[in-house]
Amino acid sequence: MDQEFQLSQSDGRPMYQQIMEQIKWRITAKEWDPGFKLPSIRELAVSTRVSVITVKRAYQELESEGVIFTRQGKGSFVAEVNDLGIRLQEKELELKLTEVLKTARSLGMDTDELVRRLREVASAKKRGN
């Protein structure tokens, strides 16, 4: 593997989700191109010190999302979908927006106020502030 996976017990998210996120990041960052062969489930389990079941679940979830595909006896590979990187980035944006919305609601902001604040930030960035 070109780079180790960084998993954290204190992260709060299940290990399989951390593995999925790091694989998606490598794909969107163009570290792993379409057709790239992923580490075997066993290799990744050993290197990350998690169970084979955990890695297998991550790979199954990624396959169901269309991020990777598996060939029996050959391994798992990055899917060759043209818009895969865009889809992953959009999903990441959606997750971040969901977090922002939760934060805004915890501060007592409604959606209209959040949109107004987002426009203010965008306007300030456009002006170079």
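Before moving on, here are some points about what is shown:
- So Lys37, is it closer than 21 Å to Gln9 by Cα and surrounded by 11 or more Cβ atoms within 10 Å (Cβ to Cβ): no
- Criterion (in a helix (DSSP H, G or I), among the aliphatic types (A, V, I, L, M) and surrounded by fewer than 17 Cβ atoms within 10 Å (Cβ to Cβ)) met by exactly one of Ile23, Ile53: Ile53
- Checked against (1) aliphatic (A, V, I, L, M); (2) touching a helix residue (DSSP H, G or I) at 6+ places or on another chain (Cβ under 6 Å); (3) under 12 Å from Phe77 (Cβ atoms), Ile27 passes all but condition (2).
- Only listed residue being at pLDDT below 95 and charged (D, E, K, R), chosen from Lys56, Lys30: Lys30
- For Glu92, the stated conditions hold: it is within 30 Å of Asp110 (Cβ to Cβ), under 13 Å from the mean Cα position of the chain (by Cα) and surrounded by 14 or more Cβ atoms within 10 Å (Cβ to Cβ).
- Complete set of residues in segment 30-42 that are of a type outside the set (A, V, I, L, M, F, W, C) and either assigned to a loop (DSSP other than H, G, I, E, B) or in contact with a helix residue (DSSP H, G or I) (Cβ under 9 Å, 6 or more places away or on another chain) (or both): Lys30, Glu31, Asp33, Pro34, Gly35, Pro39, Ser40, Arg42
- Selection status of Ala124, surrounded by 15 or more Cβ atoms within 10 Å (Cβ to Cβ) and of a type in the set (Gly, Ala, Ser): no
- Any pair with Cβ under 9 angstrom, 6 or more apart, that starts in segment 83-112 at a residue that is within 15 Å of Glu21 (Cβ to Cβ) and ends at one that is of a type in the set (D, E, K, R) and exposed (fewer than 11 other Cβ atoms within 10 Å of the Cβ): Gly85/Lys30
- Of the residues making up segment 51-82, those that are hydroxyl-bearing (Ser, Thr, Tyr) and either over 20 Å from Gly35 (Cα atoms) or free of Cβ contacts under 8 Å to residues at least 12 places away in the same chain (or both) number 4.
The values are calculated or read from the model by the stated rules, or taken from the named source; none is laboratory data. None of the values given here were measured: they were computed from a predicted structure. Don't worry about glycine lacking a Cβ; one is built from the backbone with ideal geometry, like all the others, and counts go over all protein chains shown.
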